[in-house]
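Dropping a structure here in structure tokens format, bear with me for questions.
The values are calculated or read from the model by the stated rules, or taken from the named source; none is laboratory data. Just so we're clear, the structure is a prediction, and the values are computed from it rather than from any experiment. Quick reminder, even Gly has a Cβ in these numbers, built from the backbone with ideal geometry, and neighbours come from all protein chains shown. Calculation scope for accessible area: heavy atoms of the full protein, side chains included, ligands and nucleic acids excluded. Shrake-Rupley method; radii C 1.70, N 1.55, O 1.52, S 1.80 Å.
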Amino acid sequence: MAAHQEKKPEERKHKSTQNHTRTSQVQWGRAWEVDWFSLASILFLLMFAPLIVYYFIMSCDQYQCSLIDPVVDLLTEKKHLSDIWNKTPTLTYRAAGIYTLWVAFQVFLYVFIPDFCHKFIPGYVGGVQEGAVTPVGVVNKYEINGLQAWIITHVLWFANAYYFHWFSPTIIFDNWIPLLWCANILGYAVSTFAMIKSYFFPTNAKDCKFTGNFFYDYMMGIEFNPRIGKWFDFKLFFNGRPGIVAWTLINLSYAAKQQELYGEVTNSMILVNVLQGIYVLDFFWNEAWYLKTIDICHDHFGWYLGWGDCVWLPYLYTLQGLYLVYHPVQLCVANAVGILILGMIGYYIFRMTNHQKDLFRRTNGNCKIWGKKPEYIECSYMSVDGTKYYSKLLTSGFWGWARHFNYTGDLMGSLAYCLACGFEHILPYFYVFYMTILLTHRCIRDEHRCFSKYGKDWKRYTAAVPYRLLPGVF
């Protein structure tokens, strides 16, 4: 459910071999078999994740962002569930129209407008790019045009705000809960369609995984790379569009609402818009790199990605801006500068860690990291089609400090978003708590996969780089 992903610091090459083992199947994608703990976790998320999103948004709408007051009202019988539900805005034709146009516009930009940004923006990698090899040895091609879609969308947004005036800049905030129902409908619809598609017309039947457990297959997905036609790839579209393109628009709408209500935009709201805007732009600038992340390389497409990217990401990743509409915070200059510095240092670590990896990968190790020739661990693994691949796992630079040090930078940035909101309520801090759990779990999940994939070579790597996130601690 997140855009915060990682690709291992490796450079791959391969040669053919006749070996074809089931063991290699475990190295890719999600599980083949479901244990009781995984099933319990899946059922919990399927039942409660939508309620968690509703609870957070309802708390802001009806209780000024207090997470405690709704519980107190219910326990003291001051209110009943029906009272809270009856005050919740319902789905409206206006919201349905807005959301339909939004998604249709992003589909249009994704499928029908080939990227032209890479032709005139130095250093940007766009246009048709190859993804990583799939479990059965297929290398998919993608039209990388996310930055272009983001630019076009935001140019139109500002043109409307300052010239056309077709709609109010507060339109997203004003329809936030009705839009939530639209997002849920799309999330469940695309997840259900993806499951049906995997049974009756999969893009590549050999890249499907069936556990026989309906709930696990529905949530974690069956198809590895579901597509419609040549270019509409479900994972790339729903991971990046429409949720992440909307992220900055949502924050802009919050800022516009703050201006409308209080006559000014606070420096905390500006900080949230700037820091999260940098993160979003970084995502689209490096969209080609994203093709080699866990989401694309190892996750199947199911409810976890489909619903998560439609609902969880745009609604819970933007809680700081929503909170600041209800509780405007004007930071003193020292605090604002300190939070900005924390966020920028976190971004620097996040970006430079990934840059070191990509430089190492592009040059096959023929580069310098921190002024020295990089050190690495050579290893190999087997795909299900019997092809043997060779990798180099980087142990220099930030990758010598910790095996997931880019996540450390990510968490520093996440903390900065939350600190901008002050300390009056815990709600805006949900993001950093959630990201800490998510990224720690991702570390463990990814390393379990890497151990299955590389075996003794992975043990050599972890001996060389013993810490996951914090050198000397964890």
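Multiply the residue separation of residue 378 and residue 48 by 0.36 nm, subtract the distance between their alpha-carbon atoms, and state the gained length in nm to one decimal.
Working: separation 330, 0.36 × 330 = 118.80 nm, distance 4.32 nm.
So the chain would gain 114.5 nm between residue 378 and residue 48.
Using alpha-carbon positions, what is the distance between the centroids of segment 61-97 and segment 320-350, in Å?
Cα centroid to Cα centroid, the span is 29 Å.
Okay, moving on. Suppose R0 equals 30 Å; then what is the FRET efficiency for residue 213 and residue 441 from their Cβ-Cβ distance, rounded to the nearest 0.05?
With a Förster radius of 30 Å, E is 0.90.
Residue 91 label point, 7 Å along Cα→Cβ, cut-off 11 Å on backbone N: hits in segment 293-312?
none
Report the relative contact order of the chain, percent, no decimals, based on alpha-carbon pairs under 8 angstrom and at least 6 residues apart.
In percent, rounded to a whole number, it is 24.
I've got another one for you. Label residue 206 and residue 274 with points 7 Å out from Cα along Cα→Cβ: what is the distance between them in nm?
Distance between label points: 5.2 nm.
Here's another thing I want to ask about it. Compute the separation of the alpha-carbon centres of segment 422-474 and segment 233-302 and state it in Å as a whole number.
Centre-to-centre distance over Cα atoms comes out at 23 Å.
While we're here: I'd like the carbon and sulfur percentage of the solvent accessible area for the chain, probe radius 1.4 Å, heavy atoms only, ligands and nucleic acids excluded. Kindly include the intermediate steps, with their values, before the conclusion.
On the way: 13650 of 20660 Å².
Ligands and nucleic acids excluded, carbon and sulfur reach 66 percent.
Taking only C-alpha pairs under 8 Å that are 6+ residues apart, what is the relative contact order of segment 333-473 in percent? Could the numbers behind the result be given before it?
Working: 169 pairs, mean separation 42.8, N = 141.
Normalised by residue count, the contact order of segment 333-473 is 30 percent.
A further question on this structure: What is the spin-label model distance, in nm, from residue 188 to residue 119 if the labels are put 7 Å beyond Cα along the C-beta direction?
It is 4.4 nm.
Now, a different point. How would you rank 134-141, 91-98, highest first, on the average number of other Cβ atoms within 10 Å across their residues?
Details: 134-141: 16.6, 91-98: 15.0.
Descending packing order for the listed peptides: 134-141, 91-98.
Which order, highest average first, do 258-266, 387-395 follow once you tally other Cβ atoms within 10 Å for each residue and take the mean per peptide? Don't skip to the end; give the middle numbers.
Numbers: 258-266: 14.7, 387-395: 19.7.
Per-residue mean Cβ counts within 10 Å order the peptides as 387-395, 258-266.
Another one. What number comes out for accessible area per residue over segment 37-330 if the probe is 1.4 Å? Units Å², please. Could you put the intermediate results ahead of the total?
Details: 12130 Å² over 294 residues.
In whole numbers, segment 37-330 has 41 Å² accessible per residue.
Hey, can you list the DSSP H helices of the chain whose Cα span along the axis is 30 Å or longer and whose average Kyte-Doolittle score is at least 1.0?
36-63, 176-200
Further, regarding this structure: Please give the calculated 222 nm ellipticity per residue for the chain, where each DSSP H segment of at least 4 residues contributes -39500 (n - 2.57) and the sum is spread over every residue; nearest 500 deg cm²/dmol?
Numbers: 21 runs with 266 residues, N = 474.
Theoretical 222 nm ellipticity from helices: -17500 deg cm²/dmol.
Then there's this: So with the 1.4 Å probe, I'd like the accessible area per residue for segment 333-473, rounded to whole Å².
Numbers: 6240 Å² over 141 residues.
About 44 Å² of surface per residue is accessible.
State the extension gain, in nm to one decimal, for the chain segment bounded by residue 139 and residue 107, taking 0.36 nm per residue of separation less the distance between their alpha-carbons. Working shown, then result.
On the way: separation 32, 0.36 × 32 = 11.52 nm, distance 2.28 nm.
Roughly 9.2 nm would be gained on extension.
Still on this structure, please answer the following. Which label marks the calculated value of mean projected area of the Cα convex hull in nm², given the options (i) 24.4; (ii) 20.1; (iii) 27.2?
(i)
Between residue 228 and residue 157, what is the spin-label point distance in nm, taking each point 7 Å from the Cα along the Cα→C-beta axis?
Those two pseudo-labels are separated by 2.5 nm.
Just to verify a number: FRET efficiency for residue 64 and residue 370, C-beta to C-beta distance, R0 = 51 Å, to 0.05? Write out the running numbers ahead of the final one.
Values: r = 49 Å, r/R0 = 0.95.
Efficiency for this residue pair is about 0.55.
Given +1 on the Cβ of Lys and Arg, -1 on the Cβ of Asp and Glu, and no further charges, what dipole in debye does the chain carry about its Cα centre, rounded to the nearest 20? Could the numbers behind the result be given before it?
On the way: 40 positive and 34 negative charges, 384 e Å.
Charge dipole of the chain: 1840 debye, to the nearest 20.
Taking Cα pairs under 8 Å and at least six residues apart, what relative contact order does segment 374-444 come out at, in percent? Write down the numbers at each step before the final one.
Details: 53 pairs, mean separation 15.1, N = 71.
Normalised by residue count, the contact order of segment 374-444 is 21 percent.
Further question on the same structure: Filter the cross-link list 392/456; 357/392; 235/392; 119/368 down to pairs whose alpha-carbon distance in this structure exceeds 19 Å. Walk me through the numbers on the way to the answer.
Values: 392/456 14 Å; 357/392 10 Å; 235/392 27 Å; 119/368 28 Å.
Beyond 19 Å between Cα atoms: 235/392; 119/368.
Still on this model: Set the Förster radius R0 to 35 Å, insert the Cβ-Cβ distance between residue 448 and residue 424 as r into 1/(1 + (r/R0)^6), and round the FRET efficiency to 0.05.
Values: r = 40 Å, r/R0 = 1.14.
Using R0 = 35 Å, I get an efficiency of 0.30.
Going by average Cβ density within 10 Å per residue, which order do the peptides 445-454, 106-115 take, highest to lowest? Mind dumping the intermediate values first?
Details: 445-454: 18.0, 106-115: 15.9.
Peptide ranking by packing, descending: 445-454, 106-115.
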